[in-house]
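Derivation of every value follows stated rules applied to the coordinates shown; laboratory data play no part. Predicted model only: the values in this text are computed from it and were never measured. No Cβ is skipped: glycine too gets one built from the backbone with ideal geometry, and neighbour counts run over all protein chains shown.
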């Protein structure tokens, strides 16, 4: 996987899960398109894009593979701690 979801509100219902999935699907497609449009891959001379495997061996312009990370501490409903959770669990 290449895009990890750290959802500290996981389990707050189907509506929340569907909203997160919908946003991540869009982001997983936009990031590779942005990198291609900005010529990112050509500018990275330190990486051999022809031989190295990238994101599970997928072509560089394909959508990113994504999935939820497990065992993430959960916030309580109506909590305002999202920033703290974001900082603590960014890889």
Once residue 6 and residue 34 are pulled to full extension, the length gained, defined as 0.36 nm per residue separation minus their Cα-Cα distance, is 7.8 nm
What FRET efficiency, computed as 1/(1 + (r/R0)^6) with R0 = 25 Å and r the Cβ-Cβ distance, is obtained for residue 21 and residue 60, rounded to the nearest 0.05? 0.60
Residue 42 to residue 69: extension gain in nm, 0.36 nm per residue of separation minus the Cα-Cα distance? 6.6 nm
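Can you sort 3, 64, 43 so the residue with the fewest Cβ neighbours within 10 Å comes first?
Going from sparsest to densest Cβ surroundings: 43, 3, 64.
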